[in-house]
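Peer 1: Take this structure first; my questions come after.
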Amino acid sequence: MLHVDGLLASFGWDARVADGFAQLELDDAPRTAGRVARVDRSACLVATGERDVVASADTLPAVGDWVAIEEAGDDAVIAGVIDRWSELARRDPDTGQVKVLAVNVDLVLMTVPGDRPNPARVERESVLAWESGARPVAVVTKGDVAAPGLRADLARRLHDVDIIVTSSVTGDGLDAIVALLAPSRTAVLIGPSGAGKSTLVNAILGENRFATGAVRGSDGRGRHTTTSRELVVVPTGGVLVDTPGLRSLGLFGDDGIALAFAEIEELARSCRFGDCAHDQEPGCAVVAAVAAGTLPAERLGSYRRLTRELDDAAAKDELDRRAKRR
């Protein structure tokens with residue numbers, strides 16, 4: 001028997017979640033539905049609507065997971081986890097392992113600091129966002145100090161991605177983000193340290209929920225004021241997951257590349273050769289588009305670089321598999 005508190009609607013409970021719980025094979029023991037709001041080293045904090053419960057599990061879930069918990073006195077354990085509809089993850093460059101950042105998110109808000117934008121990084125983030133199954137949205141923070149041409153530059157570097165310019169100082173753009181979240185969408189914020197993620201969340205929540213830090217004047221970078229991923233409810237509707245700034249964003253999987261560079265994938269269908277590398281091959285429709293000015297050369301450069309990175313990672317994975325078999 002599953003208990004569902006009415007307040008769980010504010011955490012994103014809807015028909016999709018209810019269907020997920022219906023698929024769980026649970027016995028008749030009393031269980032409580034909840035959503036994982038934070039994960040620590042040995043336990044996780046589960047929001048059940050009426051209260052928060054610290055629960056343990058053999059394999060800890062991720063922030064955003066919908067779970068059924070079983071309680072016995074002061075102890076609580078995860079008895080079931082519903083299937084995820086999206087999973088934002090990255091490859092660790094040191095270990096090669098894929099690490100999950102947040103799950104069951106509908107939007108990936110890629111924060112772009114207006115005072116030190118890095119369009120190439122946003123392209124990479126969009127690949128991870130598309131790979132997750134969620135929709136990427138570029139959010140320029142500190143828009144009051146951003147260069148006038150930043151939006152246009154991002155538009156050239158991103159395909160089918162909405163761009164919102166915000167400012168926590170003037171309040172510009174905040175209503176657009178609030179509208180994206182309502183009534184019950186879940187969004188995760190990613191971006192470099194010092195990009196203003198926590199400041200943006202605080203502005204949307206209308207309270208100083210997360211600590212913010214000063215940015216160094218020497219290089220414009222900030223400290224990791226957010227040290228763990230945490231899920232919070234937005235009063236006007238929707239859910240936000242704040243994340244620490246990430247220095248490395250290793251890629252994995254091919255779907256993200258295909259969706260992030262969909263215009264190149266479409267052009268490639270007209271190349272003379274099916275295995276065209278879009279470099280020096282005759283009859284390459286992609287190179288022809290760059291020459292004609294209909295495809296920015298920087299887009300093709302990013303596509304080549306990120307595709308090469310994926311190929312190298314796949315080759316390394318294969319070598320590791322062979323070494324383990326030996």
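The values are calculated or read from the model by the stated rules, or taken from the named source; none is laboratory data. In this text the structure is predicted, and so the values were computed from the model without any measurement. Here the Cβ positions follow ideal geometry from the backbone for every residue, glycine too, while neighbour counts run over all protein chains shown. Accessible surface areas use protein heavy atoms only, side chains included; no ligands, DNA or RNA. Shrake-Rupley method; radii C 1.70, N 1.55, O 1.52, S 1.80 Å.
Peer 1: Looking at region 174-187, is at least one residue surrounded by 23 or more Cβ atoms within 10 Å (Cβ to Cβ), in a strand (DSSP E or B) and in contact with a helix residue (DSSP H, G or I) (Cβ under 8 Å, 6 or more places away or on another chain)?
Peer 2: Checked region 174-187: at least one residue is surrounded by 23 or more Cβ atoms within 10 Å (Cβ to Cβ), in a strand (DSSP E or B) and in contact with a helix residue (DSSP H, G or I) (Cβ under 8 Å, 6 or more places away or on another chain).
Peer 1: I'm told residue 224 meets every condition in (1) closer than 24 Å to residue 120 by Cα; (2) modelled with pLDDT of 90 or more; (3) open to solvent by 10 Å² or more (accessible area, probe 1.4 Å) except one. Can you identify the failing condition by its number?
Peer 2: Single failed check for residue 224: (2).
Peer 1: Further, regarding this structure: Under the condition of being β-branched (Val, Ile, Thr) and not in a loop (DSSP other than H, G, I, E, B), which residue from region 232-253 is nearest to residue 93 (Cα to Cα)?
Peer 2: Applying the first criterion (β-branched (Val, Ile, Thr)) to region 232-253 yields 232-234, 236, 239, 241, 243.
Those left that are additionally not in a loop (DSSP other than H, G, I, E, B): 232-233, 239, 241.
On the way: 232: 29, 233: 32, 239: 30, 241: 23 Å.
Only one residue tops the list, namely 241.
Peer 1: Condition first: outside any strand (DSSP E or B), open to solvent by 60 Å² or more (accessible area, probe 1.4 Å) and modelled with pLDDT of 95 or more. Now tell me which residues in region 69-100 satisfy that.
Peer 2: Scanning region 69-100 gives 83, 84, 85.
Peer 1: Determine if region 39-49 includes at least one residue that is open to solvent by 40 Å² or more (accessible area, probe 1.4 Å), over 25 Å from residue 23 (Cβ atoms) and basic (Lys, Arg). Show your work before the answer.
Peer 2: Pass one, region 39-49, residues open to solvent by 40 Å² or more (accessible area, probe 1.4 Å): 39-42.
Okay, now just the ones that are also over 25 Å from residue 23 (Cβ atoms), so 40-42.
Filter again for basic (Lys, Arg), leaving 41.
Yes, because at least one residue in region 39-49 is open to solvent by 40 Å² or more (accessible area, probe 1.4 Å), over 25 Å from residue 23 (Cβ atoms) and basic (Lys, Arg).
Peer 1: Which numbered condition in (1) surrounded by 15 or more Cβ atoms within 10 Å (Cβ to Cβ); (2) polar (S, T, N, Q); (3) modelled with pLDDT under 95 is the only one that residue 218 fails?
Peer 2: For residue 218, the failing item is (1).
Peer 1: Please go through region 278-326 and give me each residue that is touching a residue at least 24 places away in the same chain (Cβ under 8 Å) and either surrounded by fewer than 17 Cβ atoms within 10 Å (Cβ to Cβ) or over 19 Å from residue 155 (Cα atoms) (or both), ordered by number.
Peer 2: Pass one, region 278-326, residues touching a residue at least 24 places away in the same chain (Cβ under 8 Å): 278-279, 295-296, 298-300, 302-304, 306-307, 309-310, 313, 316-317, 320.
Selection gives 278, 279, 296, 298, 304, 307, 309, 310, 313, 316, 317, 320.
Peer 1: Could you please let me know if residue 293 is under 24 Å from residue 161 (Cα atoms) and either more than 29 Å from the chain's Cα centre (by Cα) or at pLDDT 95 or above (or both)?
Peer 2: Numbers: under 24 Å from residue 161 (Cα atoms): yes; either more than 29 Å from the chain's Cα centre (by Cα) or at pLDDT 95 or above (or both): yes.
Answer is yes for this residue.
Peer 1: Residue under question is residue 66, and the condition is that it be among the aromatic types (Phe, Trp, Tyr), under 21 Å from the mean Cα position of the chain (by Cα) and open to solvent by less than 10 Å² (accessible area, probe 1.4 Å); does it hold?
Peer 2: Details: among the aromatic types (Phe, Trp, Tyr): yes; under 21 Å from the mean Cα position of the chain (by Cα): yes; open to solvent by less than 10 Å² (accessible area, probe 1.4 Å): yes.
Answer is yes for this residue.
Peer 1: State whether the residues of region 27-36 include one that is open to solvent by 40 Å² or more (accessible area, probe 1.4 Å) and hydrophobic (A, V, I, L, M, F, W, C).
Peer 2: Here is the first cut: in region 27-36, the residues open to solvent by 40 Å² or more (accessible area, probe 1.4 Å) are 27-28, 30.
Retained after the next criterion (residues that are hydrophobic (A, V, I, L, M, F, W, C)): none.
No.
Peer 1: Can you confirm whether residue 144 is among the acidic types (Asp, Glu), modelled with pLDDT of 95 or more and over 16 Å from residue 256 (Cβ atoms)?
Peer 2: Numbers: among the acidic types (Asp, Glu): yes; modelled with pLDDT of 95 or more: no; over 16 Å from residue 256 (Cβ atoms): yes.
For residue 144, the condition - among the acidic types (Asp, Glu), modelled with pLDDT of 95 or more and over 16 Å from residue 256 (Cβ atoms) - is not met.
Peer 1: Now for a separate question. Looking at (1) in a helix (DSSP H, G or I); (2) farther than 22 Å from residue 47 by Cβ; (3) open to solvent by less than 30 Å² (accessible area, probe 1.4 Å); (4) modelled with pLDDT under 90, which is the one condition that is false for residue 198?
Peer 2: That leaves (2) as the condition not met.
Peer 1: Sticking with this one: Is it fair to say residue 17 is buried (at least 21 other Cβ atoms within 10 Å of the Cβ) and closer than 25 Å to residue 248 by Cβ?
Peer 2: Values: buried (at least 21 other Cβ atoms within 10 Å of the Cβ): yes; closer than 25 Å to residue 248 by Cβ: no.
For residue 17, the condition - buried (at least 21 other Cβ atoms within 10 Å of the Cβ) and closer than 25 Å to residue 248 by Cβ - is not met.
Peer 1: Evaluate the following for residue 162: is it under 27 Å from residue 39 (Cα atoms), modelled with pLDDT of 95 or more, surrounded by fewer than 21 Cβ atoms within 10 Å (Cβ to Cβ) and of a type in the set (Asp, Glu)? Please lay out each step first, then the result.
Peer 2: Numbers: under 27 Å from residue 39 (Cα atoms): no; modelled with pLDDT of 95 or more: yes; surrounded by fewer than 21 Cβ atoms within 10 Å (Cβ to Cβ): yes; of a type in the set (Asp, Glu): yes.
Criteria not met by residue 162.
Peer 1: Being crowded, with 20+ Cβ neighbours inside 10 Å and over 20 Å from residue 107 (Cβ atoms): is that true of residue 55 here? If you could, list the steps in order and put the result at the bottom.
Peer 2: Numbers: crowded, with 20+ Cβ neighbours inside 10 Å: yes; over 20 Å from residue 107 (Cβ atoms): yes.
Answer is yes for this residue.
Peer 1: In region 254-261, is there at least one residue being part of a loop (DSSP other than H, G, I, E, B) and surrounded by fewer than 20 Cβ atoms within 10 Å (Cβ to Cβ)?
Peer 2: Start the filter on region 254-261 by keeping residues that are part of a loop (DSSP other than H, G, I, E, B), which leaves 254, 261.
Right, trim to surrounded by fewer than 20 Cβ atoms within 10 Å (Cβ to Cβ) and you get 254.
So far as region 254-261 goes, yes, one or more of its residues are part of a loop (DSSP other than H, G, I, E, B) and surrounded by fewer than 20 Cβ atoms within 10 Å (Cβ to Cβ).
Peer 1: Can you name the strands (runs of 3 or more DSSP E) wholly within region 105-168 that have at least 3 residues being within 17 Å of the chain's Cα centre (by Cα) and touching a residue at least 60 places away in the same chain (Cβ under 8 Å)?
Peer 2: Values: elements: 107-113, 135-141, 162-165.
Per the criteria, 107-113.
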